[in-house]
Amino acid sequence: MKTKVAIIGAGPSGLLLGQLLHKAGIDNVILERQSGEYVLGRIRAGVFEQGMVDLLREAGVSERMDAQGLIHDGIELVFGGRRDRIDLKKLTGGASVLVYGQTEVTRDLMAAREVSGATTIYEAANVQLHDVKSEAPYVTFEKRGEIYRLDCDYIAGCDGFHGVSRKTIPEEVLTHYERVYPFGWLGMLSDTPPVNHELIYAHHERGFVLCSQRSTTRSRYYLQVPLTEKVEDWSDERFWEELKTRLPQDVAEKVVTGPSLEKSITPLRSYVVEPMQYGKLFLVGDAAHIVPPTGAKGLNLAASDVSTLYRILNRVYRDGRTDLLAKYSQSALRRVWKAERFSWFMTNLLHEFSERDAFDKRMQRTDYDYYTTSEAGLKTIAENYVGLPYEAIE
């Protein structure tokens, strides 16, 4: 088998890159170790930055998103029971975010790829990357007991934190940066109307809470919990009771309860690896970086990597600009670190840390007061939340 770009991973970042390349006439093959049904079963992020919305429209996969997605012009922050609305649209000169489930955008991208006739190979086992620093890299994999070879010009590693792509790069080449947080998020999905038309991020002495949503009838709630907690110890009744305890009374009274569709605990970490490229291999999304979900940046950051790599590859094949390939890592990392900073900031601002003393707690409260009462502080939160601009590829 032969293609121009081999894409490892059929999550939303791999599928989006594949769709953009296909539209530009650049042949690509996607290899995914899981089944398509498994990929669709992942329940994750649902808040899209303006840049990601625009990129999905450019890829031609926005019809359902534009019809069903919920545009949010603001978010609410809560600290000490005080509610503060961040007017995203006003503070950024018109930008907003869009709420649309990651499962749904993955479904849209899968459907578009099927229509295009481009190749996706699911349940590809034992994927291995070879000669990535040579002029002729290739990928091998197993399918139904047979071994296949895929020759290519470039490889995009879109296979997540635990994937094979980053592990292909020699350890002595990489620098890892990591912050592991001493708590996780217990998330619950339910077919109940959201408690508020905009997202609520709330600090409470018992722990952080997020009121999010997937649609006007489906809610997603999160509670900060110790990493020692187990999902099976949290009945629906216990979850709803704790959620209401941590919310301001006027919000808690509006919570509509119901049976959970799914519960899970997600550990929080900040992680970046440098560089994001090695020879003809380019790392995209979670393969290169992880952010705590407080800033709603995970999938959005993957989308900005996709945009950068797609625009570079497009110039390579269209204009012969192979000199741009060496700029991928530095260009992507500039935006990655800014998103890491914002996610770290929001996590520190709104969570309870058991090791903090009285001084730290006062500084946390003072930070909150400054950012929510200063025009400059409000703009800083707003412009980061809707997403910083994508860098142009010159």
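Computed from the coordinates by the stated procedures, all read-outs in this text should not be read as laboratory data. Computed from a prediction, not measured in an experiment: that's the story for all the values here. Note that each Cβ is placed from the backbone with ideal geometry, even for glycine, and that neighbours are counted across all protein chains shown.
Which of Asn28, Asn384, Asn314 moves most in a GNM of the chain, Cα contacts under 10 Å? Residue with maximal mean-square fluctuation among Asn28, Asn384, Asn314: Asn314.
With the simple model of a label 7 Å out from the Cα in the direction of the Cβ, Arg42 to Arg85 spans 3.5 nm.
So if I place +1 on the C-beta of Lys and Arg and -1 on the C-beta of Asp and Glu, and nothing else carries charge, what would the dipole magnitude of the chain be about its Cα centre? I want it in debye, nearest 20.
Numbers: 49 positive and 55 negative charges, 87 e Å.
For this selection, approximately 420 debye.
Relative contact order of the stretch 160-285, taken over Cα pairs closer than 8 Å and 6 or more residues apart, is 38 percent. For the stretch 77-151, trypsin sites (Lys or Arg not before Pro) meeting the loop criterion (DSSP other than H, G, I, E, B) and having at most 12 other Cβ atoms within 10 Å: Lys133, Arg144.
In the chain, taking the dipole from charged Cβ atoms about the Cα centre, the farthest positive-side position among Gln128, Gly46, Ala95 is held by Ala95. Averaging the sequence gap over all C-alpha pairs within less than 8 Å and six or more residues apart, then dividing by the number of residues, gives the chain a relative contact order of 20 percent.
Filter the GluC sites (Glu not before Pro) in the stretch 41-138 to those in DSSP coil with at most 15 other Cβ atoms within 10 Å of their Cβ, and list the result. Write down the numbers at each step before the final one.
Working: sites: Glu49, Glu58, Glu63, Glu76, Glu104, Glu114, Glu123, Glu135; in loops: Glu49, Glu123, Glu135.
Sites meeting the loop and neighbour criteria: Glu123, Glu135.
When each of Ile147, Ile121, Ile30, Ile312 is scored by the number of other beta-carbon atoms lying within 10 Å, the sequence from fewest to most is Ile147, Ile121, Ile312, Ile30.
This model, with +1 at the C-beta of Lys and Arg and -1 at the C-beta of Asp and Glu, gives the stretch 1-61 a dipole about its Cα centre of some 160 debye. Computed from the Cβ-Cβ distance with R0 of 25 Å, the FRET efficiency linking Tyr177 to Gln330 stands at 0.95.
With only Lys, Arg, Asp and Glu charged, each at its Cβ (+1 for the first two, -1 for the last two), find how big the charge dipole of the stretch 55-209 is about the Cα centre; round to the nearest 20 debye. Before the final figure, lay out each step's value.
Working: 17 positive and 24 negative charges, 92 e Å.
Value, rounded to 20: 440 debye.
Note on the stretch 298-341 and the stretch 86-156: Cα centroid distance 15 Å, given to the nearest whole angstrom.
At an R0 of 25 angstrom, the distance between the Cβ atoms of Lys254 and Asp367 translates into a FRET efficiency of 0.30.
Restricting to Cα pairs below 8 Å that are 6+ residues apart, what does the relative contact order work out to for the stretch 110-173? Please round to a whole percent. Numbers along the way, then the final one.
Numbers: 64 pairs, mean separation 14.0, N = 64.
Reported relative contact order: 22 percent.
Annotation: extensible slack from Gln128 through Arg144 equals 4.1 nm (criterion: 0.36 nm per residue apart, minus Cα-Cα distance).
The stretch 234-319: which GluC sites (Glu not before Pro) are DSSP loop and have at most 13 other beta-carbon atoms within 10 angstrom? Spell out each step's value before the answer.
On the way: sites: Glu237, Glu241, Glu242, Glu253, Glu262; in loops: Glu253.
Sites meeting the loop and neighbour criteria: Glu253.
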